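> Below you'll find the structure I mean.
The values are calculated or read from the model by the stated rules, or taken from the named source; none is laboratory data. Fair warning: this is a prediction, and the values are worked out from it, not measured in the lab. FYI the Cβ positions are ideal-geometry reconstructions off the backbone, even for glycines, and counts take in every protein chain you see. In case anyone asks, the SASA skips ligands and DNA or RNA and just uses the protein heavy atoms, side chains included. Shrake-Rupley method; radii C 1.70, N 1.55, O 1.52, S 1.80 Å.
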Amino acid sequence: MTERKTTRKPVRSSVRYSQIEPGPEQTINRETDTLIFALGGLGEIGKNMYCIEHDDEIIIIDCGVMFPEDTLPGVDYVIPDFTYLVKNQNRIKALVITHGHEDHIGGLPFFLKQIRLKEIWAGPFAKALIEKKLDEHHLLRSVRINEIDSTTSIRTKYFTVGFIDTVHSIPDSYGVLVNTPNGRIFETGDFKFDLTPVGKQSDYQKMAYMGQIGITLLMSDSTNSSVPGSSISERKVALSINEQMRKTPGRMIVSTFASNTYRVAQILEAAVACGRKVAVFGRSMENVLEIGRKLGYINIPDESFITGNELNTLPANRICIVCTGSQGEPMAALSRIANGTHRFIRILPGDTVLFSSNPIPGNGVSVGGVINQLTRVGANVITNSPLTSFHTTGHAPQEEQKLMLNLIKPAYFMPNHGEYSMLVQHARTAELTGIPKENTFVCANGDVLVMRNEKVFLSNERINTDAIYVDGNDATGLSTSVIKDRRILAENGLVAVIVTIDSRYNKILCRPSIVSRGFVYIKDSQTLLKEAELIVYEALSKKMQQRTTFGELKNCIKSSLEPYLYKKTNRNPIVIPVILNMKEAMAEIQAKTAARKTGTTRRTVRKTNTDSDK
């Protein structure tokens, strides 16, 4: 698809949590003020992209995608609108990545197709994922990817950028500290606090030190702001998986998020400890396994892995299958196993399927369908619960958010990475830790915060942030009219009206023919379609009593047929007029067109010769 445009503009809340609206005095001085705004990630889960701007420099944090809901038929991704950055690409001094999840790196191929960028800064695991992604899009040579760690410092004319180790569900996760001429900004990235993590520990000392020297603005992950308490440790999950693996008598099939590298490592380690061989299925899972082993996050010997062809050569109690599909994705490995369409695996009596995950909001129905189908074909299905602890979140619940707020002690606070209700709840939590209500900003994508002399206020300017719908790899986006047409096709179908005319005599040669697809069942609706054909014929006959055009004839068909179909069926199918002109009439039109072109060419030649004579 190449038709351009975007969705409607995000709706701004009429009453902000901070009760502050921009006043006339709160205007921007672009030479001295520091601006903070989001192109994605506020009021939604996904397409995270945060920008910090001062004079002629822009720092970008993350560039993610959002996966579409069922209300967006045919859309593969939703990405931020990069228009502002395209216009200001010469001012972009750094693009830094907090970690390697799709909602933080998935937009990079589309970004780099529109913007020439010299370098990206990312941790080792995120760097490997980005390189694989850009290689698939033939963009690997278009940008240099610099590897970062907690000691890395990026310096520009106005900014100094540093990184702080955090804990998340993927290796090499960082918070980002940005020193600006008007104060310090800390963006946490996705984080949780785990006192016994599987991988690297959060840098509590550095966070506490930042709180002592003073942070002007904190931007913090709000995903679990409505979840009370603290999260369980990843090590407790490892113990639960190991115990279940040990006591399962038959084959063990485990599904989890492919990007949760530490969880994948724990599952593989548990399988090896219990004397099982491992088969891995799912493209994303295989990619993470390859990168995790290469970087040393997954340490499983080659002899512990088997292929799909070797599954039938071992006893059931010596097999562990790790696969994608924990969210009920139709084409993922687990869904195909449940439906009996997987190339290598069929559910056998005694198989145990373990979901080491929780359904993402909106995926509950899909996950339930897969669970029901697995149970129907004979599997013993085990899901996560507070009693089993087969999964833990990668995002901080309320008590861990309070710890971050108390460590950083910001003067101002902007919750990010969350739906609107999550942002508001996080703002309330911040108020409980002592941040004044008037210093908290619940913003929408495109709102511009201004930092001036270590003070922060909401400006009266906005950045255009319409979401872009991507179909395939086309980053130009789909228009809302295309999405609307797809919804109409899904709900109401289409009606094609075929009309044969002779344009030489302005005459209809036969009664129109109507073909229906997805609107009504033709055999049961002959009377309706015959009446519709007659209505179109009468309207066209009247219209063609005078000189007309093909465009007017198409409009005539639509305006006469659409009201009739709605009156009879209460449905509005897409009406597609197809006008066929007589062969002789078309030949005559083509001859006249050619003659006009020839005449125009001759006049141009004469004029050229006359001009040269002069």
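> Kindly rank 216-226, 542-552, 143-153, 344-354 from highest to lowest mean number of other beta carbons found within 10 Å of each residue.
With the highest mean Cβ count within 10 Å placed first, the list reads 216-226, 344-354, 143-153, 542-552.
> For segment 382-389, just list the computed ³J(HN,Hα) in residue order, Karplus coefficients 6.51, -1.76 and 1.60, θ = phi - 60°, integers in Hz, with x standing in for Gly and Pro.
10, 10, 6, 7, x, 8, 9, 6
> In addition: When ligands, DNA and RNA are left out and all protein chains stay put, how many square angstrom of accessible area per residue does the chain have with a 1.4 Å probe? Spell out each step's value before the answer.
Details: 28660 Å² over 614 residues.
Result: 47 Å² per residue.
> Report, by chain and number, residues whose modeled amide H sits under 5 Å from the one on VAL575, excluding near sequence neighbours (fewer than 5 apart, same chain).
For VAL575, whose amide H was placed from the backbone, the distant partners under 5 Å are VAL495.
> Whose amide H sits under 5 Å from the amide H of GLY106, counting only residues 5 or more places off or on another chain, with H placed in the peptide plane?
VAL65
> How much length would be gained if the chain were fully extended between LYS132 and LYS402, taking 0.36 nm per residue of separation minus their Cα-Cα distance, in nm to one decimal?
Working it through step by step, the gained length comes to 93.5 nm.
> Follow-up question, since we're still on this one. Please report the spacing between the Cα centers of segment 235-290 and segment 112-180 in Å, no decimals.
29
> Right, here's the next one. Roll a 1.4 angstrom probe over the protein heavy atoms and tell me the percent of accessible area of the chain that is carbon or sulfur.
C and S atoms contribute 51 percent here.
> A follow-up question, please. Run the simple label-point estimate for GLU243 and ARG91 please: 7 Å along Cα→C-beta, distance reported in nm.
If labels sit at GLU243 and ARG91, their model points lie 5.7 nm apart.
> With the crude spin-label approximation of a point 7 Å out along Cα→Cβ, what separation in nm comes out for TYR505 versus TYR521?
For TYR505 paired with TYR521, the spin-label model returns 4.2 nm.
> In whole Hz, with x marking every Gly and Pro, tabulate ³J(HN,Hα) for segment 538-544 from phi via Karplus 6.51 cos²θ - 1.76 cosθ + 1.60, θ = phi - 60°.
With the stated coefficients, segment 538-544 comes to 5, 5, 5, 4, 5, 5, 8 Hz.
> Please compute the modelled spin-label separation between ARG343 and SER150, points set 7 Å along Cα→Cβ, answer in nm with one decimal.
The answer from the label model is 4.3 nm.
> What is the set of long-range amide H partners of THR500 at a cut-off below 5 Å, with H atoms built 1.01 Å from backbone N?
Hits under the 5 Å cutoff: LEU509, CYS510, LEU580.
> Per-residue ellipticity at 222 nm for the chain, helices alone: DSSP H runs ≥ 4 residues times -39500 (n - 2.57), over residue total, nearest 500 deg cm²/dmol?
Rounded to the nearest 500, the figure is -10500 deg cm²/dmol.
> Specify the inter-centroid distance of segment 32-110 and segment 351-403, based on alpha-carbon positions, in whole Å.
If you average the Cα positions of each part, the centres end up 30 Å apart.
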